[in-house]
Structure formats: C-alpha cells, structure tokens
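The values are calculated or read from the model by the stated rules, or taken from the named source; none is laboratory data. Computed from a predicted model, the values in this text were never measured in an experiment. Don't worry about glycine lacking a Cβ; one is built from the backbone with ideal geometry, like all the others, and counts go over all protein chains shown.
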Amino acid sequence: MSLRTEKILSLALWVVMVGFAVWGHFNLPDVPTAIHFDLNGTPNGFSSRDHAMMAMPGLGLAMIFGLLWIMPAIMPKTASLHRSQAAYGATMLAVIALLCVIHGVVVMSAAGMVIYHMTIINVGVGLLLIVMGNYLPKTRLNFVMGIRTPWTLSDERVWDKTHRFAGPMFMLGGVVAAAGAFLPEGWHLVTLLGGALVPAVISLIYSYTTAKKLNLV
C-alpha cells in the first residue's frame, strides 16, 4: 500500500512544525520554555528552548516514517492492512495534524500569546475522534488499528459488526470532546476523557456480546 498522498501531506505538516521550531529558535529568548500546562493553561513543565522547539518535530518525523513507511512495509499479508488503506492513511494523517497543532500551541505560548490550551486540545482531539469514527466502519480485520479485542481479532464477522457499531459511537464522542471546549473549565477534561474512553469501553463490551451471540465464546 503506497499511501502516497498521506505521506506527502504528513511531510508538509512536518515542514510546518519545523517552521515553527526555526522561528522559535531565532525569535524566542533562550530561557526555560513551557511544554506542559495544567487544565487552567498554567505552565507546569519546562524544557530548554531548543529542546522545546525540536521535540515535537522529532517525534512527528519518527511517527511519519514509522507509521506510513515502515509499518505498512513489514505487516504480514494476513493482516490485510491494505484493505484498510483509506482508513489507516486518514487516521495517521489526523494524528500528525494534531501533533502540529500542539507544537504550534507550545511555540505561540512561548511567544507570549494568550492561548486557551484545553480549548484547542479538546477541539483537536474531538476532530481526531470524529475522523476515526468516520473510518472505523471501513476498517477491515488487521493487527494495527481499530477495535482490537480477542473477539474481533478471532472472527471477521465480529470485527465488521463491532466496527460498524463503533464508528458512530466515536463520532459522537468526538462531538462531545469538541463541544466540551466551550464549557466551563471543569468540564474540559471530563468531556475529553469521556468522549474518548466511553466509546472505547462500550465497543469492547459490544465485541464480546457479538462474539457470544455467534457462539464464539
């Protein structure tokens, strides 16, 4: 599976991250830079300026080559990842885009701009969940992405039923997470975790009950 478009777009996003880093290196003071923030947006984790500027581009590049070049190349044919190429490529691209957004938040915060951190994170994660949910029903049995439980991986019927069920669940979870960005601060983390974890837990239970109905358990 080539994933040519996803590779090009991911590298374009990586160039944007590098652009943020280069700008930060030449324009920000060489002082400890905030790289982690609490729920109120108050910095509670610091690193050197250049480490803060280059850490996310380094992680992004490793993920791009690992997920879009290496992983598809080494997967066994029985994993059938090629049947989920569109879903895999779109999800990995969304992950890289989220990294780019987070990196931009770090750099802009270091530049003294007022950034509503959890608002941006909630919206970003929410959009990622929506993308994932949209593509889950199109995902076929594989060992890399999707609802990978003992029951989905043991039978393709369970896999297909579970992923058709999980898709709308994750999209709804994404809407909840994104909407939480505009609620009072105390709801940010609740909606973020709820939007991600509740669909995952319900989908896991659904995969078991589906396998049980098919007399596989």
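Summed over segment 190-217, the residues that are surrounded by fewer than 15 Cβ atoms within 10 Å (Cβ to Cβ) and within 14 Å of I121 (Cα to Cα) give a count of 2.
For segment 170-189, residues that are surrounded by fewer than 20 Cβ atoms within 10 Å (Cβ to Cβ), touching a helix residue (DSSP H, G or I) at 6+ places or on another chain (Cβ under 9 Å) and modelled with pLDDT under 95 total 5. Based on what the data block shows, is T162 in a loop (DSSP other than H, G, I, E, B), at pLDDT 95 or above and at negative phi? No: the conditions fail for T162.
Given V107, V114, which one is buried (at least 21 other Cβ atoms within 10 Å of the Cβ) and more than 17 Å from the chain's Cα centre (by Cα)? Only one candidate qualifies: V107.
In the set (1) outside any helix (DSSP H, G or I); (2) at pLDDT 95 or above, I115 fails one condition alone, (2).
Going by what's in this entry, would M63 be described as under 29 Å from F182 (Cα atoms) and surrounded by 13 or more Cβ atoms within 10 Å (Cβ to Cβ)?
Values: under 29 Å from F182 (Cα atoms): no; surrounded by 13 or more Cβ atoms within 10 Å (Cβ to Cβ): yes.
Spelling it out, it is not the case that M63 is under 29 Å from F182 (Cα atoms) and surrounded by 13 or more Cβ atoms within 10 Å (Cβ to Cβ).
Considering only segment 168-185, state which residues are farther than 20 Å from L98 by Cα and either in contact (Cβ under 8 Å) with a residue 24 or more places away in the chain or within 20 Å of the chain's Cα centre (by Cα) (or both).
Filtering segment 168-185 for residues farther than 20 Å from L98 by Cα gives 168-169, 183-185.
Passing the criteria: P168, M169, E185.
When restricted to residues that are of a type outside the set (K, R) and in contact (Cβ under 8 Å) with a residue 60 or more places away in the chain, segment 110-154 contains 23. Restricting attention to segment 16-38, the residues that are out of contact with any His (no Cβ under 6 Å at 6 or more places or on another chain) and modelled with pLDDT under 80 total 1.
Which residues, counting only those in segment 153-169, are surrounded by 16 or more Cβ atoms within 10 Å (Cβ to Cβ) and either aromatic (F, W, Y) or over 16 Å from V217 (Cβ atoms) (or both)? Within segment 153-169, W159, D160, H163, F165, A166, G167, M169 meet the criteria. Residue count for segment 132-150 satisfying the condition of being more than 18 Å from V95 (Cα to Cα) and crowded, with 22+ Cβ neighbours inside 10 Å: 1. In segment 175-185 there is at least one residue matching the filter, namely being in contact with a His (Cβ under 6 Å, 6 or more places away or on another chain), in a helix (DSSP H, G or I) and under 20 Å from V131 (Cβ atoms).
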